[in-house]
Structures are given as structure tokens and as C-alpha cells.
Amino acid sequence: MKAHRILERVQNEQRVQYGIKNPKTLIVITPTYVRTFQTLHLTGLMHSLMLVPYDLIWIVVEAGGVTNETGTLLAKSGLRVVHIGFEERMPIVWEERHRIEARMRLHALRVVREERYDGIVMFGDDSNMHDMELFDEIQKVNWIGAVSVGILAHSGSSEDMSSPSVEKENLSMPVQGPACNSSGQLVGWHTFNSLPYAEKSAIYIGDKEMVLPRKLEWAGFVLNSRMVWKDIDDKPEWIQDLDALSEDGKALESPLSLLNDVSFVEPLGTCGRKVLLWWLRVEARADSKFPPGSLQIVELISIVFTLEKRLPTVTLESNQIEFPTSFLRGRLNPLVVE
């Protein structure tokens with residue numbers, strides 16, 4: 001224990017001397033709801049946030065309203081938590097869930113505006129995995145930044161992936177994120193090509209098929225909280241007012257909906273060449289039952305640990321997404337967002 005404390009003091013001293021000067025508060029937005037794997041997912045995110053060396057506000061939006069089960073779990077973190085309810089319940093269809101989660105994030109952004117929380121907003125989904133370097137990197141953002149996200153989409157059964165043609169498509173791990181030119185300027189996006197899996201993707205939560213990400217995941221973006229404030233003099237004209245966004249989910253594919261000109265997005269993580277965040281969706285069947293608060297989900301924990309061991313520290317050369325042969329190359333799309 002003494003050695004641990006000495007190491008902690010050394011790390012703190014190094015952070016003071018060489019770390020981020022005048023760090024901004026991190027504002028983490030997490031949509032969640034009570035379900036079989038909630039404790040597993042939320043505990044993982046909670047422990048990552050507990051390691052962050054900066055001031056942090058964790059806004060947790062719970063579908064179906066605030067529950068004691070979620071509140072009890074959040075209280076264990078010791079973090080500054082803002083636990084708010086969202087009236088609608090989480091649907092059991094993935095497409096509908098994506099839309100509800102977008103509205104929940106928008107609801108949290110309105111809380112940021114009303115309370116005038118000042119700092120960097122990141123979207124921390126409860127089942128994602130984060131490199132701790134991410135929390136340092138996002139301190140660099142001026143208004144809105146983007147990081148590369150590794151997509152762990154192959155969370156379903158492997159039975160449907162056994163044919164040679166499908167296996168060839170699935171040799172790798174896709175990436176979403178910014179693509180830059182040789183001058184370090186944003187020129188487009190690496191996105192996940194979902195066409196080969198259109199007929200093999202999960203429809204209902206808990207289906208054994210692959211869960212596909214959105215065109216651009218919210219988790220890959222960070223914002224200066226002042227983007228959503230009202231009545232500030234230095235807000236750029238290319239930022240839309242939060243009230244102008246539709247609440248039906250159609251205009252909320254990503255935080256890019258807040259922009260009139262997406263060319264102002266700041267690529268982070270060595271211009272998108274570092275993958276600092278991993279997107280994962282593993283859920284039990286919507287009708288499954290499990291003891292509330294229990295973490296003894298041995299099979300799933302084994303799967304997650306196996307995935308973590310396989311996650312490389314990725315550095316992308318030039319504008320290419322380079323992975324070992326067991327990973328899939330992302331597709332580069334032009335700088336056009338519908």
C-alpha cells in the first residue's frame with residue numbers, strides 16, 4: 001500500500017509539471033436504463049470515470065424515470081452525479097433505441113445549458129470502453145472535436161459468419177472517425193460499411209445477430225459546453241441554437257446536427273490516427289431476468305475481457321486505418337453529412 005501511495009504521488013507531481021495546464025471540467029453524458037446487463041456496463045464506465053484526474057460532472061439520463069437501483073449504483077462512485085429521468089421507456093427495437101438515446105442526450109444538453117455547466121462535454125455510453133488518454137486528449141478542443149472510435153460490432157453469434165464470403169468481410173475491426181489530409185485538415189470520415197450485414201443485423205435487443213452502429217456515433221464527438229449556452233458573445237455563427245433541433249430524433253444522428261458547417265470540426269487523437277474509444281453493444285434478451293445489482297455474469301465478463309486483450313493501441317499512418325489482419329479497414333466517406 002505504501003508503494004502504491006508513493007507511485008500515486010509521483011504521478012501527481014508529473015501531472016502538475018507536464019500535464020494539462022488549467023484543465024477544463026469534463027461533463028459526461030450517459031443514457032441508461034434498468035436491464036439485465038446495466039450493472040455490468042455502468043460499473044465499467046463508472047470505474048473509468050473515477051480514474052479521471054480532472055473535475056468531472058456525470059449527467060446520467062435514465063429512460064423510464066429515475067430508479068433507486070440506478071441511483072444506488074451511481075452513489076458508489078463518489079463522483080458528482082446529476083441523475084435525471086426521461087419519461088419514455090427504452091424500446092426493445094434497436095432502431096427505436098438509437099432514436100430515444102439521441103433524445104436523451106439532447107435532454108442532457110438542455111440541462112447543461114440551463115445550469116450553465118462550463119467544460120468539455122463528452123458522450124459516454126455505458127457499454128463503451130475508453131482509453132484513459134482520451135480524457136487528456138479532449139482537453140485540447142476549442143469548440144467541437146472528433147475522435148476515432150473502434151467498432152466492436154461482432155458481438156453476436158459466430159454461426160452466421162462461417163461462410164468464406166462473410167468471413168472475408170469480417171476479417172477486421174472497423175473504425176469511425178475523422179480523416180485528414182497531409183496538412184492535418186479534416187477532409188472526410190472513416191465510417192462503418194454496414195451493407196454486407198444489412199440482412200444479418202439485430203432488430204431486437206438481445207438478438208444473436210450483429211448490432212450495427214449509427215452512421216457516426218455520438219461517442220466520437222466532444223463539445224465545448226458553451227456551444228449550447230444562450231446569449232454568449234463569442235459563439236461562432238456556424239453553431240446552431242439547441243432549440244432549433246428537432247426532438248423526433250431524425251435530426252439527431254450525431255452532434256454534427258448542431259453545426260451549419262461541419263468543416264470546423266477539430267480532429268483529435270493525432271488527427272484521428274489514434275483509436276481512443278471502443279464501441280460495444282452486448283445485451284441480454286429484453287425479457288430476461290437476473291438478480292438486480294448482481295455482477296456474476298461470468299460468460300459476458302469473459303467475452304469482454306477477451307475483447308480488451310485483443311484491443312491494440314492503434315496509431316494510423318497517413319489517412320489510412322491500419323490494423324492487423326484480424327481487423328477490418330474503415331471506409332472513407334467525403335465530408336458530406338446528410
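The values are calculated or read from the model by the stated rules, or taken from the named source; none is laboratory data. Given the structure is predicted, the values throughout are model-derived calculations rather than measurements. All Cβ positions, even for glycine, are placed from backbone atoms using ideal geometry, and neighbour counts span all protein chains on display.
Observations on the structure shown:
- Test: residue in segment 38-52 that is more than 17 Å from Asp126 (Cβ to Cβ) and either of a type in the set (Asp, Glu) or touching a residue at least 40 places away in the same chain (Cβ under 8 Å) (or both): no
- Any hit, segment 32-43, residues being in a strand (DSSP E or B) and not aromatic (Phe, Trp, Tyr): yes
- Condition met for Val93 (within 26 Å of Ser257 (Cα to Cα) and at pLDDT below 95): yes
- Selection count, segment 30-41, where residues are modelled with pLDDT of 95 or more and closer than 29 Å to Glu8 by Cα: 1
- Screening segment 45-56 for residues that are in contact with a strand residue (DSSP E or B) (Cβ under 7 Å, 6 or more places away or on another chain) and either of a type in the set (Val, Ile, Thr) or not in a loop (DSSP other than H, G, I, E, B) (or both) and picking the one that is surrounded by the most Cβ atoms within 10 Å (Cβ to Cβ) gives Leu45.
- Residue ranges of strands (runs of 3 or more DSSP E) in segment 219-338 with at least 3 members at pLDDT 75 or above, surrounded by 11 or more Cβ atoms within 10 Å (Cβ to Cβ) and on the phi < 0 side of the Ramachandran plot: 221-224, 275-280
- Residue satisfying all of: in segment 57-97; over 19 Å from the mean Cα position of the chain (by Cα) and among the acidic types (Asp, Glu); nearest to Met210 (Cα to Cα) among these: Glu88
- The conditions of being assigned to a strand (DSSP E or B) and either modelled with pLDDT of 80 or more or in contact with a Lys or Arg (Cβ under 8 Å, 6 or more places away or on another chain) (or both) are met by Trp189.
- Here the condition is being modelled with pLDDT under 95, out of contact with any Ser or Thr (no Cβ under 7 Å at 6 or more places or on another chain) and under 23 Å from Asp287 (Cβ atoms); of Arg103, Arg99, it holds for Arg99 alone.
- Boolean, Gly145 is crowded, with 20+ Cβ neighbours inside 10 Å, over 17 Å from the mean Cα position of the chain (by Cα) and under 21 Å from Asp234 (Cα atoms): no
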